[in-house]
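Taking it in order: structure first as structure tokens, then the write-up.
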Amino acid sequence: MYCFEMDLNELKEQLLAMASLAEAAVDAAMRALVDRDYDLALQVNENDAVIDRLEIEIDDLAVHLLAKAPLAGDLRFVLVATKISQNLERVGDEAAKIAKRARDLCQEIPLKVNLELPGMARLVLQMLKSALDSFVNRDSTAARAIIPLDKEVDALNKKISRTLAQYMVDHPDFIPQSLHLVTVSKSLERIADHAKNLAEEVVYLYEAVDIRHAPRMSPAQP
């Protein structure tokens, strides 16, 4: 006899497994970059296929559940699950990009330039972890608190890009390495975008309010 709840629980479990893998991929990719760990960079790229496969499995299960005409609350969960899995798949893709750049940089002379990439990575991972925790804990208030952090990541990306642009002018022999790091910074910025998207989906899931394109409140005028 078919049990809707069992399939719904399976969807939740697959989503959490995918979330764990995506978060670990970002962390491993940045460790490979900072530690110049070639083997770890290769491992991140190999593991990306697992994340891709989970997205397909989640989509297939979601379609199956939607065909069973679920109640409004369950319907919203299934729809949000597919959007979360899409964002997690893209997080995995960006982690793979970082790992590829880390792999290439392992074979190059390191740059002597002070960048805020490790701090940016910590903030991005904090956003991603908090978004996933808010989903698990059904905490839309925590999800809302993540969204403003995206602006901080955007500002760091612009600062790092400016620093590297000037470094390339001053040290043209290091342009290839610098461009790799520009790509890493941009990938981190995109992961932050996906973490913000996840947070917005959590708000929709637990408050039934779509805030994706809501205007941001400006400071009150005196």
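The values are calculated or read from the model by the stated rules, or taken from the named source; none is laboratory data. All of these numbers come straight from a predicted model, not from anything done at the bench. Cβ atoms come from the backbone with ideal geometry, glycine included; neighbour counts cover every protein chain shown.
Here are a few things to note about the model shown:
- Residue check, ARG53 part of a helix (DSSP H, G or I) and closer than 20 Å to VAL124 by Cβ: no
- Unique residue being β-branched (Val, Ile, Thr) and surrounded by fewer than 17 Cβ atoms within 10 Å (Cβ to Cβ) when the list is VAL78, VAL50: VAL50
- Criterion violated by ALA142 - all others in (1) of a type outside the set (S, T, N, Q); (2) in contact with a Ser or Thr (Cβ under 9 Å, 6 or more places away or on another chain); (3) buried (at least 18 other Cβ atoms within 10 Å of the Cβ) satisfied: (3)
- Scanning region 1-27 for residues that are outside any helix (DSSP H, G or I) and surrounded by 15 or more Cβ atoms within 10 Å (Cβ to Cβ) returns no hits.
- Which numbered condition ALA95 fails, given (1) small (Gly, Ala, Ser); (2) on the phi < 0 side of the Ramachandran plot; (3) surrounded by fewer than 21 Cβ atoms within 10 Å (Cβ to Cβ): (3)
- Close Cβ contacts (under 8 Å, 6 or more residues apart or on different chains) running from residues in region 32-61 that are on the phi > 0 side of the Ramachandran plot and in contact (Cβ under 8 Å) with a residue 40 or more places away in the chain to residues that are assigned to a helix (DSSP H, G or I) and surrounded by 13 or more Cβ atoms within 10 Å (Cβ to Cβ) comprise ARG36/ALA102; ARG36/LEU105.
- The set of residues from region 153-171 being assigned to a helix (DSSP H, G or I) and either surrounded by 14 or more Cβ atoms within 10 Å (Cβ to Cβ) or modelled with pLDDT under 95 (or both) comprises VAL153, LEU156, ASN157, LYS159, ILE160, SER161, THR163, LEU164, TYR167, MET168.
- Subset of region 28-39 (residues that are more than 17 Å from SER185 (Cβ to Cβ) and either part of a helix (DSSP H, G or I) or of a type in the set (S, T, N, Q) (or both)): ALA28, ASP35, TYR38, ASP39
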